[in-house]
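To keep things clear, I will list the structure first and then write my remarks on it.
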Amino acid sequence: MGITVSERLSTPGLENLRTAAVLEFTEEVFESGDFRSLEVLTSEQHQLFVLNRNDHTLTILSIDSKMDVTKETLFTDRIISMKEYFEDYSLVENTAPRKIEVAFMGGRILEIEPRLTHSQDINYMEPEISTQVNEDFELLIAALKSTVIL
């Protein structure tokens, strides 16, 4: 069993992102199969992507270095295309995508790249955590695909 999102976000430096998620969704966001969550850490901000499979929404919670929190909710039924990007894809090794690009009606393009996290937090380079983040990313992609016919 890997290290869950709730456990990863309980570490110092990420606990504010966890608090924002719990305030927005309650603990259910980490415990319910109705949600798929993925954290992405960059030098500018920490982001938590939360897909609500029942409501067909993708919420992006972001916290910047000044502790300002922003929340954006996008409706997955407005997705018009999704591209998955791989590095050295291998069917044998079942290589995980390194990022996805989601295009919404109205011209909004959203890139989700969890590998950025490795350069921001050394803990994410640990094999167990890295593998779990890849699995979370694949589950998020699968959930996006199941909420809308692309």
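The values are calculated or read from the model by the stated rules, or taken from the named source; none is laboratory data. Note that this is a predicted model, so its numbers are computed, not measured. Don't worry about glycine lacking a Cβ; one is built from the backbone with ideal geometry, like all the others, and counts go over all protein chains shown. Heads up: the accessible areas ignore ligands, DNA and RNA and are worked out on the full protein's heavy atoms, side chains in. Shrake-Rupley method; radii C 1.70, N 1.55, O 1.52, S 1.80 Å.
Just to confirm my numbers, what's the Cα centroid distance between the range 1-16 and the range 20-37 in Å?
Answer, in whole Å: 13.
Based on the Cα gyration tensor of the range 69-150, what are the three equivalent ellipsoid semi-axes, each the root of five times an eigenvalue, rounded to whole Å and given largest first? Show your work: numbers first, answer last.
Values: eigenvalues 116, 56, 25 Å².
After scaling each eigenvalue by five and taking roots: 24, 17, 11 Å.
Shape verdict for the chain, please, from the Cα gyration tensor: rounded (a/c under 1.5), prolate (a/b greater than b/c) or oblate. Walk me through the numbers before you get to the answer.
On the way: a/c = 1.43, a/b = 1.08, b/c = 1.33.
Rounded shape, in that the Cα axes give a/c under 1.5.
At a temperature of 20 °C and a viscosity of 1.002 mPa s, determine how fast the range 28-73 diffuses translationally according to Stokes-Einstein, using the Kirkwood radius over alpha-carbon pairs as Rh; express D in µm²/s, rounded to the nearest whole number. Please report the intermediate quantities before stating the final value.
On the way: Rh = 11.1 Å.
Here the translational diffusion coefficient equals 193 µm²/s.
Let me know the Rg and Dmax you get for the range 1-90 when you use only its Cα atoms, in Å.
Using the Cα atoms of the range 1-90, the pair Rg, Dmax is 14.0, 41 Å.
So what is the accessible area of the chain per residue, in Å², with the probe set to 1.4 Å?
On the way: 8260 Å² over 150 residues.
Solvent-accessible surface per residue comes out at 55 Å².
Based on alpha-carbon centroids, what's the gap between the range 96-150 and the range 40-78 in Å, whole number please?
Each part reduced to its Cα centre gives a spacing of 12 Å.
What are the semi-axes of the equivalent ellipsoid for the range 1-44, taken as the square roots of 5 times the Cα gyration tensor eigenvalues, largest first, in whole Å? Show your work: numbers first, answer last.
Details: eigenvalues 57, 33, 20 Å².
The equivalent ellipsoid of the range 1-44 has semi-axes of 17, 13, 10 Å.
Are there GluC sites (Glu not before Pro) in the range 1-89 that DSSP marks as loop and that have at most 11 other Cβ atoms within 10 Å, and which are they?
Values: sites: E7, E15, E24, E27, E28, E31, E39, E44, E72, E84, E87; in loops: E27, E44, E87.
Those satisfying the criteria are E27, E44, E87.
Would you mind telling me the antiparallel percentage of the DSSP bridges in the chain, rounded to 5? Before the final figure, lay out each step's value.
On the way: 32 of 32 bridges.
For the chain, the DSSP antiparallel bridge percentage is about 100.
Can you tell me the dipole magnitude for the range 27-150 around its Cα centre, using point charges on the Cβ only (Lys, Arg +1; Asp, Glu -1), in Debye to the nearest 20? Don't jump to the answer; show the numbers that get you there.
On the way: 11 positive and 24 negative charges, 114 e Å.
Computed about the Cα centre, the dipole is about 540 debye.
Relative contact order for the range 5-150: what is it in percent, counting Cα pairs under 8 Å that are at least 6 residues apart? Walk me through the intermediate numbers first.
Values: 230 pairs, mean separation 28.5, N = 146.
It rounds to 20 percent for the range 5-150.
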